[in-house]
Amino acid sequence: MGKKKDKDVDAEDHGKGQRSPKLCGTNYPVSIAFIVVNEFCERFSYYGMKAVLTLYFIHYLHWDKNLSTAVYHAFSSLCYFTPLLGAVIADSWLGKFRTVIYLSIVYVIGHVVKSVGAIPDVGDSTVHVVLSMLGLVLIAFGTGGIKPCVAAFGGDQFDEEHTEERRKFFSIFYMSINAGSVLSTIITPILRGQSQDKLLRPGLWSSCGFNGHCLSPKRSHWLDWAEEKYPKRLIQEIKMVFRVLVLYIPLPMFWALFDQQGSRWTLQATRMNMDFVMGVCFCVVKMLNALLILVFIPIFDMGVYPLIGLCRIKLTPLKKMAAGMILAALAFCAATVVEINVIKSVVEPPPAKESLVQVYNLMDSEVTVQFPGHTVFSDPLKSYEDPSGYTSLPLTGESQLYTVTVTHNGAEYQCGLTFTERTAYSLFLHTAQPGDTVCKLVMHSIFDFCRFINTHTENINITVGTEEFYAAADYGISQNISVPRGEYNGVVCKTNSDQYLIDLGLLDFGAFYTVILSKESNGLTFKKMEDIQANNIHIAWQVPQYVFITAGEVMFSITGLEFSYSQAPASMKSVLQAGWLMTVAFGNVIVLIVAEGAGMEQWTEFLLFAGLLVAVSIIFSIMAYFYTYVDPDQLDKIFREDTDDEKVESSDGKKNEAVSLTDMPKQTKM
């Protein structure tokens, strides 16, 4: 009786007892619509948060670029390690449906905690960091736990004979992921600026349980020794899973490149010109990958793949994945070219035991500046001349006191100035009274900002667009404020006695401007200095690398998702989905190690990743050549009898031999 009940429940959970209703006369079950919409909403939530995560670390938690990159990829890695936990829960305890429901609650709690940690009035910086990290951990367990269940649960809804519809489902499923990503990537930056499951089977727990039992003398396969204790069907299923998992070993390198879109590529974009040229801006480039996915999926399915088929080239799933790797490597070659050009006009923050310094001569004639033991400013500085750029100043420790000698009109003046490592400074030289020189050292950012220096005898309030500046009288320096790119031709400058209008002209992306205000007989005059040059490499140059990486994603990721499902036995589809997602986790670990330990220039790091992926793609192609495709659904036909029984004696007294993978119907290699 117990055996009959198990079979009936299994049939019901698989939809074989009764056929589920279909969508509009097609072979697609109605439940698929709910699964796709659910995935759209979940990805909207995930990518909406992740779109600004690196910038949140840098600008809100005040972490440096390397730490922000490391934590970003540590979070991404955790999101793809936790699917293993989700697979265990789904296949050995709750089932896919309940696992998705319960872990989604954990997911929502994580978002709430993370949001509370981002409220400025809630605690100090330590509280913000603790709540942010706790929220990210809960999100990682939530999103990771449901990852291996949703796609497999969707595939389970199809009847066995509808394999083509199931294949197209994975493309539609992937499109829903990227549709959610597109909308969230648009909306989040805007906000920032203002079905019953199948029968539970032994699954992963059983596979772990008999591994030790199999380490015995030789048989045709080392797992065959488990026949004495475990059902033959389970052994064959574990064999199928292991063969695919071995094939997954080289795959993390693809994800090591792919997931840098949210870290290294985002940081590259912040150092480029984001002018609205041809409708291309930062937010558009950020969502370009998801947008291109929606375009490329139908193009590849209805155009590229059929054309390749017409050329009599058999494009198997593993060949598609290898081609996707090469395209991703080309993307990083393009990123390398962009990075080489970007660094020509970008000032990088100083490293440990170094400072950056610029000198502004606001005297009436040229001066010379000498730092003891260094020739950092060997040439005289002309009056009111634009600074020639930042000069690196070496320090003996975290900070150092320099006695700087300034020579003006034959007279020497000495100023004691303290410099701190990893900091940029401006040194202003001016006259307080005849025969006296004043050295004013100001610490500031090297990002795109604007500031004013007031040499007038009255305080001045300056309005630039919507931003308000205040500069005190007698060489007072205003605060540094970021101003949107644009033409500023009617800047209002108010003193206690008068009001003036000045034309600052274009304030460009990435530039740092110092505007010196002076009172002359004809009114208020100004001198605009460009301390840091504007970014002259437009962000549109990132488009080619996004095109390559997206084309690679279509061939690699979507194919891998469907391949993981098609090669997995029914009881272990969540397990193999988790194995597929684990490759993403290990890919992020690779980036984490390189970001923290390599210490390379960024363009060199990009080139290293490209070369590694090409090498890995060759290894993967060799492994794929020897892989033989199998049809897991044939297990149902082979094992028609109850697989928990002992081997049945045949009429002549001999036992039937155990079914192996060699007995199963096969398809072509690679």
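The values are calculated or read from the model by the stated rules, or taken from the named source; none is laboratory data. The shown structure was predicted, so the numbers you read here are calculated from the model rather than taken from an experiment. Neighbour counts are summed over all protein chains in view; Cβ atoms, including those assigned to glycine, are modelled from backbone coordinates with ideal geometry. Just so you know, the surface numbers come from the protein's heavy atoms only, side chains and all, with ligands and any DNA or RNA stripped out. Shrake-Rupley method; radii C 1.70, N 1.55, O 1.52, S 1.80 Å.
Could you compute the FRET efficiency for residue 530 and residue 130, with r as their C-beta to C-beta distance and R0 at 45 Å, rounded to 0.05?
About 0.60, to the nearest 0.05.
Tell me which of 380, 358, 395 sits at the most positive position along the dipole axis of the range 352-395, charges placed on C-beta atoms (Lys, Arg +1; Asp, Glu -1).
Sorting the options by dipole projection puts first 395.
If packing is taken as the average number of other Cβ atoms within 10 Å across a peptide's residues, how do 131-137, 26-32, 142-148 rank, most packed first?
Most protected by this proxy first, the peptides run 142-148, 131-137, 26-32.
Keeping all protein chains in the complex and leaving out DNA, RNA and ligands, what accessible area do you get for residue 150 with a 1.4 Å probe, in Å² to the nearest 10?
Roll a 1.4 Å probe over it and residue 150 shows about 10 Å².
On the protein heavy atoms, probe 1.4 angstrom, tell me the percent of accessible surface of the range 337-409 carried by carbon and sulfur.
Whole-percent figure for carbon plus sulfur exposure: 50.
Between residue 432 and residue 391, what's the calculated FRET efficiency when r is the beta-carbon distance and R0 is 25 Å? Round to 0.05. Write down the numbers at each step before the final one.
On the way: r = 25 Å, r/R0 = 1.01.
Result of the calculation: an efficiency of 0.50.
So, by mean Cβ neighbours within 10 angstrom, what's the order for 501-513, 573-585, 158-170 with the highest one leading?
Taking the mean over residues of other Cβ atoms within 10 Å, the ranking is 573-585, 501-513, 158-170.
Hey, got the dipole for the range 423-484? About the Cα centre, +1 on K and R Cβ, -1 on D and E Cβ, debye to the nearest 20?
My answer is approximately 160 debye.
Describe numerically, in nm with one decimal, the distance between label points set 7 Å from Cα along Cα→Cβ at residue 246 and at residue 30.
4.6
For residue 249, what accessible surface area do you get with a 1.4 Å probe? Give it in Å², rounded to 10.
Residue 249 exposes around 120 Å² with every protein chain in place.
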